[in-house]
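Below: the structure, in structure tokens.
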Amino acid sequence: MKKIGMIGGLSWESSQVYYQILNEKVNEALGGFHSARCILESVDFGEIEKLQSKDDWETMDEHMAEAAKNLENAKAELIILCTNTMHLCSDAIINNVGIPFLHIARETAKRIKATGLEKVLLLGTKFTMERDFFKDILQDEFGIRVVIPNKEDQNLIHNVIYQELVHGNIIPQSKANYQQIISKMIKEGAEGVILGCTEIPLLIKASDVAIPIFDTTRIHAEAAVQFALK
């Protein structure tokens, strides 16, 4: 079993979900008392959030590269970045380590492609919805069309993530607002919905919407286990 390196703390709420899934899937595969071989490099999200608000991605690249190098030095054999938004720094990670990096968008695209869906809704932080680092992989590499909500709905989705979910606050009205946005996008042709922020699955489950969901946290963690057990 390969040793999985996790860059976490972005937020710690979703990092603990990653850890749980990694161990559950390893035990499911191997049985007995088996659990995942993994190591966590947990950063201070308070510092990262300040850099995000300043749009200082150069400094964030440095932070993520340093975290990845720490994991490599600790004998990790692959790296997962336990967040969607910070995959904007994926090139900095890849260019500074010599071990595999599993990109969350690419693993999600593989899962969507296997279902045959052609048009999906992407929910996440404004960074994830507005920028192309996630969408381009789905569209250019896998031929999957990606749609996003309007600006007002993007702001609502983003604010719920940063003001509620990263603090572990699950508010019923926010769930209803997300469901309303998803329903609106279904009418515009969305066939599935990507929960493209690792905190959103804390709020939205498969039973909450009428189309398939793609939980990037679970998909990413399961892909890491599959890679580690090769």
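Derivation of every value follows stated rules applied to the coordinates shown; laboratory data play no part. All figures in this text were calculated on a predicted structure; none of them were measured in a lab. Don't worry about glycine lacking a Cβ; one is built from the backbone with ideal geometry, like all the others, and counts go over all protein chains shown.
Filtering segment 27-50 to residues that are surrounded by 15 or more Cβ atoms within 10 Å (Cβ to Cβ) and farther than 23 Å from K3 by Cα leaves F45, I48. Check segment 23-42 and report whether any residue there is in contact (Cβ under 8 Å) with a residue 12 or more places away in the chain, part of a helix (DSSP H, G or I) and in contact with a helix residue (DSSP H, G or I) (Cβ under 6 Å, 6 or more places away or on another chain). Checking segment 23-42: at least one residue is in contact (Cβ under 8 Å) with a residue 12 or more places away in the chain, part of a helix (DSSP H, G or I) and in contact with a helix residue (DSSP H, G or I) (Cβ under 6 Å, 6 or more places away or on another chain). The helices (runs of 4 or more DSSP H) found entirely in segment 55-144 that carry 1 or more residues being acidic (D, E) and buried (at least 19 other Cβ atoms within 10 Å of the Cβ) are 57-73, 104-115.
H87 satisfies every condition listed in (1) under 23 Å from N159 (Cα atoms); (2) without any contact (Cβ under 8 Å) to a residue 40 or more places away in the chain except (2). For the structure I just gave you, tell me whether Q20 is farther than 25 Å from K126 by Cα and either assigned to a helix (DSSP H, G or I) or without any contact (Cβ under 8 Å) to a residue 24 or more places away in the chain (or both). Considered against the rule, which asks whether it is farther than 25 Å from K126 by Cα and either assigned to a helix (DSSP H, G or I) or without any contact (Cβ under 8 Å) to a residue 24 or more places away in the chain (or both), Q20 comes out as yes. Of all the criteria given as (1) surrounded by 18 or more Cβ atoms within 10 Å (Cβ to Cβ); (2) more than 15 Å from the chain's Cα centre (by Cα); (3) of a type in the set (D, E, K, R), the one not satisfied by E199 is (2). Taking the criterion of being aliphatic (A, V, I, L, M) and surrounded by 19 or more Cβ atoms within 10 Å (Cβ to Cβ), the residues of segment 182-196 that qualify are I182, M185, A190, V193, I194, L195. The lone criterion from (1) in contact (Cβ under 8 Å) with a residue 60 or more places away in the chain; (2) exposed (fewer than 14 other Cβ atoms within 10 Å of the Cβ) left unmet by E222 is number (2).
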